[in-house]
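The numbers here are math on the coordinates, done by the rules we state, and not lab data. Please read all numbers here as calculations on a predicted model, not as lab measurements. Backbone-built Cβ (ideal geometry, glycine too); neighbour counts: all protein chains shown.
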Amino acid sequence: MNKPVESIRILVVDDDNDILLLLDKWLKQEGFEVITVTSAEEALKKLMLARINLVISDLIMQGMSGMQLLAEIHRENPLLPVIMLSGQATIPDAVQATHLGSAAFLTKPAAREDLIGHIKRALRIGSYQTAKGQFGKNIIYKSKAMSELLELAKQVADSDITVFITGATGTGKEVIARAIHDASARSQKSFVAINCGAIPEQLLESELFGHEKGAFTGANTRHEGLFQAAHGGTLFLDEIGDMPLSLQVKLLRVLQDLQVRPVGSTKTYPVDVRIISATHRDLDAAVENGEFREDLFYRLKVVPLAMPNLTERREDIPLLAAHFLRRYAGRNEKPVKHFAPAAMEYLMTAPWPGNIRQLNNVLDLCSTLCKTDTIPLSLVQKAMQDQPGGIQSLKDAKHRFERNYLLGVLRMTSGHVANAARMAGRNRTEFYKLLNQHAIDPAEFRRVKADESEA
Amino acid sequence: MSDEKIVVKIDPDLETLIPGFLNNRNKDLATLRTALEEKNFPSLQSIGHSLKGVGGGYGFAGMSEIGAAIEKAAKGQALGELKDLIERYGKYLAAVEVVYE
């Protein structure tokens with residue numbers, strides 16, 4: 001008999017009493033506490049009442065199936081390991097179970113050593129614990145907010161469970177996604193990232209699912225989509241909240257069927273991909289407004305991870321600053337610079353709407369412009385003024401440009417709309433429409449001129 | 001028919017479970033025969049599936065193999081084959097001799 005494992009309680013669910021007796025015997029011999037039930041419904045009741053560390057469930061049972069039980073369990077507690085055991089496992093079943101977060105999918109008759117090995121791995125007992133320390137080793141932090149986030153990410157990394165990362169622009173969503181991939185069993189396969197908000201709809205469909213030669217104008221060759229490119233690995237769908245509704249339906253179908261059909265193809269291809277998605281948007285609100293499909297949302301949001309803003313982890317700023325300065329020094333082959341105390345104080349208290357990306361840009365600018373070893377406050381202030389709050393969307397950038405352009409021509413013509421419209425190459429009606437869109441009153445410019453004349 | 005015994009070596013830790021387990025398998029045999037008479041293929045498939053899963057776990061590999069064959073034949077509604085397999089299962093149960101080691 002093995003050394004007892006203290007107070008680890010396993011719930012076994014199977015409608016075959018002889019299987020329950022057998023597993024009960026095996027698990028107790030390993031020192032586990034065991035609770036057995038003959039249906040998924042009973043299992044859910046037990047889970048409400050007792051502390052359970054791991055569940056082993058049959059796949060096919062009377063009433064609620066093992067797969068439904070798995071989904072229910074992870075809706076309440078996505079970190080509870082569940083091992084699926086089935087007499088007639090098919091590959092789609094196994095893939096679906098792993099997407100829903102099962103720690104293992106075993107076929108009956110399961111060998112005792114195999115089952116015990118999977119249980120210990122899922123519970124991270126013994127040698128399996130050592131790999132945990134390596135998680136996210138390149139992520140710079142000392143804050144509690146990041147520590148808690150990384151602990152959760154570490155726990156889910158080793159399974160295939162679907163992860164949903166929220167956070168403002170520049171908080172490092174892709175860095176966490178990559179850390180999860182690197183710590184998973186898929187680490188030797190591809191990590192493929194795509195920004196769903198940066199690509200037009202038709203191109204995005206083709207990028208994700210692929211297309212056949214001649215599928216549309218310009219499709220001169222066959223193109224393998226990113227789902228297939230990520231087969232066996234991880235697909236990171238960044239800015240998923242910006243995905244058009246029509247594509248959301250297609251993505252949902254792929255996630256349900258685990259098969260992709262390239263644009264213009266009649267054939268489907270099975271895909272085994274772990275999905276990590278991310279957004280800066282409030283998708284709960286987007287679902288309420290009908291801008292994002294609820295069914296897709298819940299399929300993606302199995303384990304939510306919320307990235308803290310840089311202002312919620314200010315204690316990490318000196319560490320991050322030192323890290324970035326070392327990096328630039330190496331790049332420029334120059335000695336490592338440091339910040340004057342007042343400059344560091346300024347960095348520590350700045351608002352950072354663009355988060356780490358903005359910090360990185362500011363430090364890059366400071367490092368490049370500073371001719372001495374110590375970066376002064378004045379340079380940091382100048383760099384901060386030159387930095388917008390992170391990368392704008394093209395739409396926002398265009399809007400901002402258009403507004404500044406209109407203000408510029410109105411200043412040049414002292415609010416004379418006909419002249420300004422002529423300079424802009426628009427007729428007066430169109431020009432007025434643009435001014436209305438930007439809530440610009442040309443009379444303001446005429447008043448300024450009058451004031452200047454009086455002065 | 002041969003009266004040769006089929007010796008199955010079982011983990012001594014399972015000794016207390018085996019009599020009940022074999023008793024249940026004999027009940028399965030009776031249910032299989034009834035289901036065959038009634039051409040109740042879902043029931044035949046379900047019992048075959050169960051034998052496949054439970055037999056190997058306890059160490060009765062031959063039982064798992066017959067169970068899998070019953071499940072497959074029931075799926076295809078192959079009556080003749082099912083009759084042979086159930087007969088074979090009956091003989092297996094009668095001939096099995098458990099040795100705990």
Report, to the nearest 10°, how far helix A:112-123 tilts away from the longest principal axis of the Cα atoms in chain A, using its own Cα long axis and a range of 0 to 90°.
30 degrees
If unit charges are put on Cβ atoms (+1 for Lys and Arg, -1 for Asp and Glu) and the dipole of chain A is taken about its Cα centre, the option from A:G66, A:T372, A:T311 lying farthest towards the positive end turns out to be A:T372
For the stretch A:310-386, what's the relative contact order in percent, using C-alpha pairs closer than 8 Å and at least 6 residues apart?
37 percent
For the stretch A:262-303 and the stretch B:59-86, what is the centre-to-centre distance using only Cα atoms, to the nearest Å?
43 Å
Let's see if you can work this out: charge +1 on each Lys and Arg Cβ, -1 on each Asp and Glu Cβ, no other charges. What is the dipole magnitude of chain A about its Cα centre, in debye to the nearest 20?
1500 debye
Summarise the partner chain shielding of A:10-19 as one whole number: the mean count of Cβ atoms from other chains within 10 Å of each residue's Cβ.
3
Charge dipole (debye, nearest 20) of chain B; +1 at Cβ of Lys and Arg, -1 at Cβ of Asp and Glu:
380 debye
How much of the DSSP beta bridge set in the stretch A:141-306 is antiparallel, as a percent to the nearest 5?
20 percent
Partner shielding of A:33-42, as the mean number of partner chain Cβ atoms within 10 Å, equals 0
Shielding of B:48-60 by partner chains, average beta-carbon count, 10 Å:
6
Counting only DSSP beta bridges fully inside the protein assembly as shown, the antiparallel percentage to nearest 5 is 10 percent
Among B:G56, A:A329, A:Y298, which residue has its Cα positioned farthest towards the positive end of the charge dipole of the protein assembly as shown, with +1 placed on the Cβ of Lys and Arg, -1 on the Cβ of Asp and Glu, and the dipole taken about the Cα centre?
A:A329
Assigning unit charges at the beta carbon (Lys, Arg +1; Asp, Glu -1) and nothing else, what dipole magnitude in debye, to the nearest 20, does the stretch A:271-412 show about its Cα centre?
580 debye
Only sites in a loop by DSSP and with at most 12 other Cβ atoms within 10 Å count here; which trypsin sites (Lys or Arg not before Pro) in chain B make the cut?
B:K5, B:K39
On a 0 to 90 degree scale, rounded to 10, what angle separates helix A:355-369 from the longest Cα axis of chain A?
50 degrees
What number, rounded to the nearest 500 deg cm²/dmol, is the helix-based mean residue ellipticity at 222 nm of chain A, given -39500 (n - 2.57) per DSSP H run of at least four residues and division by all its residues?
-14500 deg cm²/dmol
For a label point 7 Å from the Cα of A:Q202 along Cα→C-beta, name the residues of the stretch A:209-240 whose backbone N is under 19 Å from it.
A:209-226
